[in-house]
Amino acid sequence: MDLHLSKEQEMLRKMYRDFAENEVKPLAEWVDENEAFPEETVKKMAKLGMMGIYFPKEYGGAGADVLSYVMAVEEMSKVCGTTGVIISAHTSLCCAPIYENGTEEQKKYYLPKLCSGEWIGAFGLTEPGAGTDAQGQQTTAVKDENGNWVLNGSKIFITNAGYANVFVIFAITGITTDKRGRKKKEISAFIVERTDPGFSVGKHEKKMGIKGSSTCELIMEDCTIPADRLLGKQGKGFGIAMKTLDGGRIGIASQALGLAEGAIEETIKYTKERVQFGRRISQFQNTQFQLADMHAKTEAAKWLVYSAAMKKQNHEPYTMDAAMAKLVAAETASDVTRRCVQLFGGYGYTREYPVERMMRDAKITEIYEGTSEVQRMVISANLGVN
Amino acid sequence: MKAIVCVKQVPDTSGVVAVKEDGTMDRAAMATITNHDDLAAVEAALRIKDATGCKVVVVSMGPPPAEGMLRELLAMGCDEAVLVSAREFGGSDTYATSQILAAAIKKIGVDDDDIVFCGRQAIDGDTAQVGPQIAEKLGMPQVSYVAEINVDGKAVTVKRLLEDGYMTIKVQTPCLLTCVKELNDARYMSVGGIMECYQKPLEVYNYETLKDDPLIDVTTIGLKGSPTNVYKSFSPPVKGAGMMMEGADKATVEKLVSILNDKHII
Amino acid sequence: MAFNSSDTAAFKGVWVFCEQREGVIMSTSYQLLSEGRKLANDLGVELCGVVLGKDIKEEYLKALGGYGADKVYYCNHELLDVYTTDAYTKVICDLVEDKKPEIFLIGATNIGRDLGPRCAARLHTGLTADCTHLDVDVAKYKEFLKTTSTIDVDNTVFEENTNLKMTRPAFGGHLMATIICPRFRPQMSTVRPGVMQTQPYDEAGAAKTVIENVNVALSKDDIHVDVIEVKKAAKKLVDLIGADVVVSVGRGISKDVEGGIKLAEELAGVLGGVVGSSRACVDAGWIGADHQVGQTGKTVHPRIYVALGISGAIQHLAGMQDSECIIAVNKNESAPIFDVASYGIVGDLYKVTPMLIEAIRAAKAAK
């Protein structure tokens, strides 16, 4: 694995940093306090090609690679976890499944709108009774006499939902019997637009962190969509969902990585300024060792994340890599941000400094797009431990 | 129509400034950035491109690593870049620099409806001289301290800043405008732009390329051809330590005020 | 005989470009004349003021003598009323080519910095921008270095000559450079407004000064721009340079911008001064650019300079470190502003400033 960034990637990193510092960071506190979706920032990012980084130009993408996308989520998350997850959910959970499973017509129609940021994308798999257990789905899709699909059911905890125009939705299209004679739900994927009849966005969740991210319920009541909205083949939905989540985990791992790095940067700055007992607290060995440990852990997580991204780029199997990256990066982010708050002491617990926000934001990375426990299941299964 | 923009790569003096033992700036130890006013000039040109579809050519005189800066400007949307770089050009003062850049601009070619843009001044020298001097060498009208630009065919109307107000000036192309950073907020490089910037043309003009221009004469370029020389350079002494007050409460403030009072400062 | 800028022996006298706006001579001109007088005395030559304009009052021209001009070259022409690069450059270059001064000083105003380089390029001579100190005499230059540099002056060799030694800050004041222009004349320099001291007005000098009306050869065809309008800023701009007391705010007011500026205004009011700011506040749009102190803003040396929440980037220090008394309030005890401060308080400006206002009010009331 070549660990050197290309000239273009170095330049992208510089641009992302510049953008994050000047456009995203100044709003981060406001976004959190007001639970506000940073619409203007999203428009600015879209203008710079950040809403479709690794898709080919023919579909309106910027023509860069997966690692370049990872770095974007990482750099935004360093200063604002909300902004990081908006790009991640849009790109990995909506653009990617359409790009990887869509027909040419679907790709030509949806991707340019998504990559340009004209439309925002979201992903609807989770239901009240089916989170990590995707087989617990209740939403159904039935073909009517005109050949349209009619969807019924609801989805919850959907990232970007309040602002998204396009949703990749999973629904049961039948019951099949597997080789051993067990009955299984046949799941299919659909592209649903916000304006489709019978589709509505329900209640907005109040969250502990990533408060500006719009997390809502989706409700489908006889939601009728044309036949050509089926994404991939009928009955292949479960595979599409799992593959999409593999990619999504790289995005969330990047968000976690950014949060950890951002908290360390803030803490280094603070410990060099804050004086206690007549010395800067950076002069205490506890501070030094804590930060050394945190940095080492974060760098280790970074290479897992980058390596998963490169494998995805090279079309190598990366399911286990994505799971490891997300597990390690998320747990690192939670641990690091918690320790950073501790180094800040009382100030760290106040909202005057950003580390408490980072700590709240970090927690979700251990939960969404597969909890840490699910990642352990994926990794152990790949190891053949069963 | 095209826009030719002169840009300079400068040390980033917003952070730590490294000074060598002999009192000169340790450029190698410092990060480099594109000069702020020059970025405003680039943005002004790109906005004209957005409106008219004209070509934007960026030109910089500097050592080979300045290519990195030019690639970034290409990633912002500029179309072509020229790096003017030669040992013979080293050590040039503003007069000599303007001769070389004027020769380079002539080589790029100035059409009737072209505009040459410069930043007002560079943060390393703060002279604000090279722009007007290029204009003189090219024999074109100049407007400096430009804070607003409207282009209508060959007529360019600009707002020129004065200390206590501004002038509105109309000038015909070809002309040279020096831009202040307040003119605009320069755009970021875009992801797509970055992916393309290494495929865009970047030409290097060396001494051989420009030597036939009458402006390029060993007696008027480089260190030897520069009218001005450094007689001495030095570091200012560190000012004597003042008095740090103990604490920050009412007693501290009252003590300070009584000192100021005793010394008849207030 | 063709003009040859390298025939240095043919050039004599010190000139100052005396800029006028709306018929009124700018105060920078008096500063430059005062400085030019010293140089002319050291060289034993004449000091001349150069005025371009239309129907300038004679008393204004005479007044230049009060600040040291032996002679005033007055270029009176309709097309010189409002500044244009083309007209001014032509008239000045014609005059220089005719009279051949050895030194030519121009105020580093927005106009001076447009005119100077264009003239220098046409005349083929050197120009040093934004000078803060000038010498011709080596002994005087050495004296200057003794207090302003870290050079071991007595053990350093200085080339003896009467070239104009033009000292200017570089890299925002991190370095100082003294520039010479040995092979070409005139030796041109733009000088920062507010840096040179104006000498007391001398009635006798004003009476003695000779006004020479210059025959101006200028037509509309010489000018390639149209000045459509000249507009003064609507809002009264703050006079930082002339202020006795400046209370400046920096990034430290980010917590409550309005409150911070209000405190600064109040303190400035009590001390009889004006509000300044660091570049950070101007860049953030918190305060107008006319308040900016520093390398890219104004250079000030008031009697009292109060820095509230200013860390003291070198670019800022360059514009205020020569103030007589500097009082700094900053939360961060290692802020560089404390290196130049006469008095420093490590504390929250929102807490310290109101106490300071109250204490000063009390002290004044007690008098």
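Got a sec? Which of A:Ile250, A:Ile210, A:Ile158 is among the β-branched types (Val, Ile, Thr), assigned to a helix (DSSP H, G or I) and under 18 Å from the mean Cα position of the chain (by Cα)?
Numbers: A:Ile210 fails: assigned to a helix (DSSP H, G or I); A:Ile158 fails: assigned to a helix (DSSP H, G or I).
Result of the check over A:Ile250, A:Ile210, A:Ile158: A:Ile250.
State whether one or more residues within the range B:126-141 are touching a residue at least 40 places away in the same chain (Cβ under 8 Å), over 17 Å from C:Asp114 (Cα atoms) and either over 15 Å from the mean Cα position of the chain (by Cα) or surrounded by 24 or more Cβ atoms within 10 Å (Cβ to Cβ) (or both). Break it down stepwise before answering.
Quick first cut of the range B:126-141, residues touching a residue at least 40 places away in the same chain (Cβ under 8 Å) only: B:128, B:130-132, B:134-135, B:137.
Filter again for over 17 Å from C:Asp114 (Cα atoms), leaving none.
The answer is no, given that none of the residues of the range B:126-141 is touching a residue at least 40 places away in the same chain (Cβ under 8 Å), over 17 Å from C:Asp114 (Cα atoms) and either over 15 Å from the mean Cα position of the chain (by Cα) or surrounded by 24 or more Cβ atoms within 10 Å (Cβ to Cβ) (or both).
Does the range C:274-291 contain at least one residue that is at the interface with chain B (Cβ under 8 Å from one of its Cβ atoms), crowded, with 22+ Cβ neighbours inside 10 Å, at pLDDT below 95 and not in a strand (DSSP E or B)?
If we filter the range C:274-291 for residues that are at the interface with chain B (Cβ under 8 Å from one of its Cβ atoms), which is where we start, we get C:289.
Going one step further and asking which of them are crowded, with 22+ Cβ neighbours inside 10 Å, we end up with none.
No, the range C:274-291 contains no residue that is at the interface with chain B (Cβ under 8 Å from one of its Cβ atoms), crowded, with 22+ Cβ neighbours inside 10 Å, at pLDDT below 95 and not in a strand (DSSP E or B).
Filtering the range A:316-329 down to residues that are touching a Lys or Arg at 6+ places or on another chain (Cβ under 9 Å) and aliphatic (A, V, I, L, M), which residue is nearest to A:Thr82 (Cα to Cα)? Give the derivation first.
From the range A:316-329, those touching a Lys or Arg at 6+ places or on another chain (Cβ under 9 Å) are A:317-319, A:321-323, A:325-329; that's our starting set.
Next, from what is left, pick out any that are aliphatic (A, V, I, L, M): A:322-323, A:325, A:327-329.
Details: A:Ala322: 21, A:Ala323: 22, A:Ala325: 20, A:Leu327: 19, A:Val328: 20, A:Ala329: 17 Å.
This residue is A:Ala329.
Mind counting the residues in the range C:123-145 that are free of Cβ contacts under 8 Å to residues at least 12 places away in the same chain and more than 10 Å from chain B (Cβ to nearest Cβ)? Lay out the reasoning, then the answer.
Filtering the range C:123-145 for residues free of Cβ contacts under 8 Å to residues at least 12 places away in the same chain gives C:139, C:143, C:145.
Then drop every residue that is not more than 10 Å from chain B (Cβ to nearest Cβ), which leaves C:139, C:143.
Count: 2.
Give the residue that is surrounded by the fewest Cβ atoms within 10 Å (Cβ to Cβ), with candidates limited to residues of the range B:1-16 that are modelled with pLDDT of 65 or more and under 26 Å from C:Pro336 (Cα atoms).
Initially, the range B:1-16 is screened for residues modelled with pLDDT of 65 or more, giving B:1-13.
Checking which are under 26 Å from C:Pro336 (Cα atoms) leaves us with B:10-13.
On the way: B:Val10: 22, B:Pro11: 21, B:Asp12: 13, B:Thr13: 22.
By that ranking, first place goes to B:Asp12.
Determine if the range C:183-191 includes at least one residue that is of a type in the set (Gly, Ala, Ser) and within 11 Å of chain B (Cβ to nearest Cβ). So that I can check it myself, show each step before the final result.
Narrowing the range C:183-191 to residues of a type in the set (Gly, Ala, Ser): C:189.
With within 11 Å of chain B (Cβ to nearest Cβ) added as a condition, the list becomes C:189.
Taking every residue of the range C:183-191 in turn, at least one turns out to be of a type in the set (Gly, Ala, Ser) and within 11 Å of chain B (Cβ to nearest Cβ).
Identify, by number, the condition in (1) without any contact (Cβ under 8 Å) to a residue 60 or more places away in the chain; (2) farther than 27 Å from A:Met50 by Cα; (3) basic (Lys, Arg); (4) in contact with a helix residue (DSSP H, G or I) (Cβ under 8 Å, 6 or more places away or on another chain) that A:Lys311 doesn't meet.
(2)
Select from the range A:66-98 the residues that are among the hydroxyl-bearing types (Ser, Thr, Tyr) and within 14 Å of chain B (Cβ to nearest Cβ) and list them in ascending order.
First, the residues of the range A:66-98 that are among the hydroxyl-bearing types (Ser, Thr, Tyr): A:68-69, A:77, A:82-83, A:88, A:91-92.
Passing the criteria: A:Ser68, A:Tyr69, A:Thr91.
Tell me, please, whether a residue that is under 18 Å from the mean Cα position of the chain (by Cα), part of a loop (DSSP other than H, G, I, E, B) and closer than 27 Å to A:Glu266 by Cα can be found in the range A:348-365.
yes
Regarding C:Asn41, is this residue free of Cβ contacts under 8 Å to residues at least 24 places away in the same chain and outside any loop (DSSP other than H, G, I, E, B)? Step through it out loud before you land on a result.
Numbers: free of Cβ contacts under 8 Å to residues at least 24 places away in the same chain: yes; outside any loop (DSSP other than H, G, I, E, B): yes.
Yes, satisfied.
Quick one: how many residues across the range B:207-246 are among the small types (Gly, Ala, Ser), farther than 30 Å from C:Asp137 by Cβ and at the interface with chain C (Cβ under 8 Å from one of its Cβ atoms)?
Quick first cut of the range B:207-246, residues among the small types (Gly, Ala, Ser) only: B:222, B:225-226, B:233, B:235, B:240-242.
Those still in the list that are farther than 30 Å from C:Asp137 by Cβ too: B:222, B:241-242.
Now narrow it down to the ones that are at the interface with chain C (Cβ under 8 Å from one of its Cβ atoms): B:241-242.
Summing the residues that are among the small types (Gly, Ala, Ser), farther than 30 Å from C:Asp137 by Cβ and at the interface with chain C (Cβ under 8 Å from one of its Cβ atoms) in the range B:207-246 gives 2.
Taking into account only those residues within the range B:25-43 that are within 14 Å of chain C (Cβ to nearest Cβ) and in contact with a Leu (Cβ under 7 Å, 6 or more places away or on another chain), which is modelled with the highest pLDDT? Outline the logic, then answer.
So in the range B:25-43, the residues within 14 Å of chain C (Cβ to nearest Cβ) come out as B:25-27, B:29-33, B:35-37, B:39-40.
Subsequent filtering for residues that are in contact with a Leu (Cβ under 7 Å, 6 or more places away or on another chain) retains B:25, B:40.
On the way: B:Met25: 64, B:Ala40: 96.
Among those that are within 14 Å of chain C (Cβ to nearest Cβ) and in contact with a Leu (Cβ under 7 Å, 6 or more places away or on another chain), it is B:Ala40.
Conditions tested, residue by residue: (1) within 30 Å of C:Gln20 (Cβ to Cβ); (2) assigned to a loop (DSSP other than H, G, I, E, B); (3) within 14 Å of chain A (Cβ to nearest Cβ).
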site: B:Ala122; (1), (2), (3): yes, yes, no
site: B:Glu136; (1), (2), (3): yes, no, no
site: B:Val151; (1), (2), (3): no, no, no
site: B:Val158; (1), (2), (3): yes, no, no
site: B:Val171; (1), (2), (3): yes, no, no
site: B:Leu177; (1), (2), (3): yes, no, no
site: B:Tyr188; (1), (2), (3): no, yes, yes
site: B:Tyr198; (1), (2), (3): no, yes, yes
site: B:Glu203; (1), (2), (3): no, no, no
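Select from the range C:156-183 the residues that are of a type in the set (Phe, Trp, Tyr) and in a loop (DSSP other than H, G, I, E, B) and list them in ascending order.
Residues of the range C:156-183 of a type in the set (Phe, Trp, Tyr): C:158, C:171.
Within the range C:156-183, just C:Phe158 meets the criteria.
This table checks each residue for (1) within 21 Å of the chain's Cα centre (by Cα); (2) closer than 30 Å to B:Gly125 by Cβ; (3) more than 7 Å from chain B (Cβ to nearest Cβ).
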site	(1), (2), (3)
C:His301	yes, yes, yes
C:Glu324	yes, yes, yes
C:Ile327	no, no, yes
C:Ala341	no, yes, no
C:Gly347	no, no, no
C:Val352	no, no, no
C:Ile360	no, no, no
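The values are calculated or read from the model by the stated rules, or taken from the named source; none is laboratory data. Computed from a prediction, not measured in an experiment: that's the story for all the values here. Cβ coordinates were reconstructed from backbone atoms using ideal geometry, including for glycine residues, and neighbour counts include every protein chain displayed.
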